[in-house]
Structure formats: structure tokens, C-alpha cells
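The values are calculated or read from the model by the stated rules, or taken from the named source; none is laboratory data. The model shown is predicted, which means the values in this text are computed figures rather than measured ones. We place every Cβ from the backbone using ideal geometry, glycine too, and count neighbours over all the protein chains shown. With ligands, DNA and RNA removed, areas are computed over all heavy atoms of the protein, side chains included. Shrake-Rupley method; radii C 1.70, N 1.55, O 1.52, S 1.80 Å.
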Amino acid sequence: MASGQFISFEGIDGSGKSTQARALAQRLGAMGAEVVLTREPGGSPGAEEIRSLLLTGDPGRWSAETEILLFTAARRDHLERVIEPALARGQTVITDRFADSTRVYQGATRGDLRDVVDRLHGLMIGREPELTFIIDMDPAVALNRGLARKSGEDRFEDFGLGFQETLRHGFLALARSQSDRCIIIDGNRPEAEVAAEIAAQVQARMSQVV
Ligand code: TMP
């Protein structure tokens, strides 16, 4: 039986969620928690290889259906090799994206495929975080920030602003439908202010993390 806590960060491209995931990991680590900070797609050697297939190249390189299979394959490897073992050791796992990204990007934005996403998730993953922070952010600001990084992993940013706006609505709708574990955080504020709110929410909801 897994005993550690599982926390995910979600949001549109350039929303600042990676910065916030890192900040929370540092804060909990400084308080004495054993934390594993990880990310999707990726987080294990095999899943990192699948990541580069997914995030580089033309926007039309894969159909939404193929993406669902690739993201789920990467997630299964990440879960088996990194997440489940860490939770079983009692560690806190903080992941920068998890299954909600597939629900919103492939299930609701790239296509109307939510049912396929849910069925595959049930078959191959079957786990949800205890707590999910959805960093909400103005899509125009977030897109400029994401593209300015020139990371070479811009396949989804290259779908444009309308795509990011649809994603934003998808994340907000998902948060409302799974309000027991999802908390919407206003990301249009200074980083430190956002980080303080997230830390307060973790402490209020998860006294056993530290
Ligand atoms: P990142 O920029 O946060 O590292 O995420 C990589 C990109 O992959 C981002 O544009 C969102 C996208 N993505 C999906 O489309 N579906 C998924 O299931 C995941 C995990 C990410």
C-alpha cells in the first residue's frame, strides 16, 4: 500500500507551474520532507525518450489519438519506475503535469476524445494525485513566456493562442468537476505570492507531508 503523498501541478504552457512545483519541493524539503520532484511527459529514462518524440517536430506530426497512446505509455513507465516506488517508500511525489494534461490537451482541445482518454487511463494508470494545483494564467502572457524560452520543445505552443485559450477553459472546467482534489491558483501574480498560497494550501490539507 502506497503511503506517500502525491501532488501534481497543471496549467497551460508558460503558466509558471514548473517554477511553482520546484518552489514547493524546495520548501517541503527544507522542512524535512523527503520529496521526489518529477515531470511529464518524462520522469523516467524511457518516458524522457518518448517526451522528445512528442514535443519536437511539426504540430501535425502525430494525431491526437496517437498522442494519447504515447503520453499514456510514457506515464505508465513513469508510474511503474518512479512514482509508485517513491510513494511506497513514504516519499512525497510532486509532478509537473500528470493525467489531467492528457484529459485537457488530447481529450478536450486537440479533439473530442475525453472518453478514450478516460478509458485508457482506467486500464493503464488508475491513479490520481491527492492534490492538484491548476495554475491559471492569462493565455497571451503565458504563450509569450513559453515561446521566449526557445526550448526546442514548442510543438504545442505552435498551435497558437486560440489553442491556449481553449486549454485554459478546459483546465478550469476540469478543476470544477474534480473539486475534491483540484485547487485553482491565480498565477497572474508575483511568484513568491503564488508560492506562499500553494504552501499554505498544502499545509492546510496535508499535515502529514512534513
Ligand atoms: P511542459 O512544457 O510542461 O514540459 O509540457 C510539455 C507539453 O506537453 C505541453 O505543451 C503540454 C503537453 N502535454 C500534453 O499534451 N499531454 C500530456 O498528457 C502531457 C503530460 C503534456
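Specify the residue that is surrounded by the most Cβ atoms within 10 Å (Cβ to Cβ); the eligible residues are those in region 146-164 that are touching a residue at least 40 places away in the same chain (Cβ under 8 Å) and more than 10 Å from the ligand (Cβ to nearest atom).
Among residues in region 146-164 that are touching a residue at least 40 places away in the same chain (Cβ under 8 Å) and more than 10 Å from the ligand (Cβ to nearest atom), the one surrounded by the most Cβ atoms within 10 Å (Cβ to Cβ) is Leu147.
Considering only region 82-112, state which residues are surrounded by fewer than 19 Cβ atoms within 10 Å (Cβ to Cβ) and either at pLDDT below 95 or near the ligand (Cβ under 8 Å from one of its atoms) (or both).
Residues satisfying the conditions are Gly111, Asp112.
Mind listing just one residue for me: the one in region 40-63 that is charged (D, E, K, R) and open to solvent by less than 50 Å² (accessible area, probe 1.4 Å) and, of those, farthest from Asp186 (Cα to Cα)?
First, the residues of region 40-63 that are charged (D, E, K, R): 40, 48-49, 51, 58, 61.
This time we only want the ones that are open to solvent by less than 50 Å² (accessible area, probe 1.4 Å), so: 40, 51.
Values: Glu40: 22, Arg51: 28 Å.
This residue is Arg51.
Identify all residues within region 49-81 that are under 18 Å from Phe9 (Cα atoms) and within 11 Å of the ligand (Cβ to nearest atom); write none if there are none.
Arg51, Phe71, Thr72, Ala74, Arg75, His78
With respect to the numbered conditions (1) under 15 Å from the mean Cα position of the chain (by Cα); (2) among the basic types (Lys, Arg); (3) closer than 19 Å to Ile7 by Cα, which one is the sole condition not fulfilled by Arg81?
Here Arg81 clears every test but (1).
Run down Leu143, Leu37 and say which single residue is surrounded by fewer than 23 Cβ atoms within 10 Å (Cβ to Cβ), within 23 Å of Glu191 (Cβ to Cβ) and at pLDDT below 95.
Leu143
Considering only region 113-123, state which residues are touching a Ser or Thr at 6+ places or on another chain (Cβ under 8 Å) and either away from the ligand (no atom under 11 Å from the Cβ) or of a type outside the set (Val, Ile, Thr) (or both).
First, the residues of region 113-123 that are touching a Ser or Thr at 6+ places or on another chain (Cβ under 8 Å): 117, 120-121.
Selection gives Leu120, His121.
Kindly indicate whether any position in region 4-23 is open to solvent by 60 Å² or more (accessible area, probe 1.4 Å), in a loop (DSSP other than H, G, I, E, B) and at pLDDT 95 or above.
Within region 4-23 (the criterion being open to solvent by 60 Å² or more (accessible area, probe 1.4 Å), in a loop (DSSP other than H, G, I, E, B) and at pLDDT 95 or above), the answer is no, since none of the residues qualifies.
Regarding Phe71, is this residue buried (at least 21 other Cβ atoms within 10 Å of the Cβ), of a type in the set (Phe, Trp, Tyr), closer than 21 Å to Gly16 by Cα and within 18 Å of the chain's Cα centre (by Cα)?
no
Taking the criterion of being without any contact (Cβ under 8 Å) to a residue 12 or more places away in the chain, surrounded by 16 or more Cβ atoms within 10 Å (Cβ to Cβ) and part of a helix (DSSP H, G or I), would at least one residue in region 113-123 satisfy it?
Restricting attention to region 113-123, the residues satisfying the condition of being without any contact (Cβ under 8 Å) to a residue 12 or more places away in the chain are 114-115, 119, 122-123.
Going one step further and asking which of them are surrounded by 16 or more Cβ atoms within 10 Å (Cβ to Cβ), we end up with 114.
Next cut, part of a helix (DSSP H, G or I) only: 114.
Scanning region 113-123 turns up at least one residue that is without any contact (Cβ under 8 Å) to a residue 12 or more places away in the chain, surrounded by 16 or more Cβ atoms within 10 Å (Cβ to Cβ) and part of a helix (DSSP H, G or I).
What tally of residues in region 26-39 results from selecting those that are more than 18 Å from Ala88 (Cα to Cα) and under 15 Å from the mean Cα position of the chain (by Cα)?
Qualifying residue count, region 26-39: 1.
Give the number of residues within region 46-79 that are closer than 14 Å to Ala99 by Cβ and not in a helix (DSSP H, G or I).
Count: 0.
Filter region 124-140 down to residues that are within 13 Å of the ligand (Cβ to nearest atom) and surrounded by fewer than 19 Cβ atoms within 10 Å (Cβ to Cβ), then give me how many there are.
The total comes to 2.
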